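Novice: I am attaching a structure below and will ask some questions about it afterwards.
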Amino acid sequence: MKQYEYVNIKISKFIGAKSEEHRQIIDEYAKRGYRYVGFIPTNINDYGKIKEMDLVFEIDY
């Protein structure tokens, strides 16, 4: 059976700003035995820009 964990990420307001926060989170969860599955947009503005998303991780238990 699988267990899932979700980590919310806020996208910067600055256009073109480069974020590497997601890489650190993915590496941290991999060290704990989780596998990165994908992402789900959780907040999108009126122009279609993603403002927040959940990173999804899974682990066997």
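The values are calculated or read from the model by the stated rules, or taken from the named source; none is laboratory data. Quick caveat: nothing in here was measured; it's all calculated off a predicted structure. Methodologically, a virtual Cβ is constructed for each residue, glycine included, from the backbone with ideal geometry; neighbour enumeration extends over all protein chains shown.
Novice: So Tyr4 passes all but one of these: (1) assigned to a helix (DSSP H, G or I); (2) over 12 Å from the mean Cα position of the chain (by Cα). Which condition number does it fail?
Specialist: (1)
Novice: Here's something else I'd like to know. Working carefully through the options Val56, Val37, find the one that is among the hydrophobic types (A, V, I, L, M, F, W, C) and free of Cβ contacts under 8 Å to residues at least 40 places away in the same chain.
Specialist: Val37
Novice: Something else about it: For the stretch 19-27, does any single residue satisfy the condition of being in a strand (DSSP E or B) and either at pLDDT 95 or above or among the hydroxyl-bearing types (Ser, Thr, Tyr) (or both)?
Specialist: There is no residue in the stretch 19-27 that is in a strand (DSSP E or B) and either at pLDDT 95 or above or among the hydroxyl-bearing types (Ser, Thr, Tyr) (or both).
Novice: Pull up the stretch 32-61, narrow it to residues that are closer than 15 Å to Val7 by Cα and more than 15 Å from the chain's Cα centre (by Cα), then point me to the one that is surrounded by the most Cβ atoms within 10 Å (Cβ to Cβ).
Specialist: Only one residue tops the list, namely Ile59.
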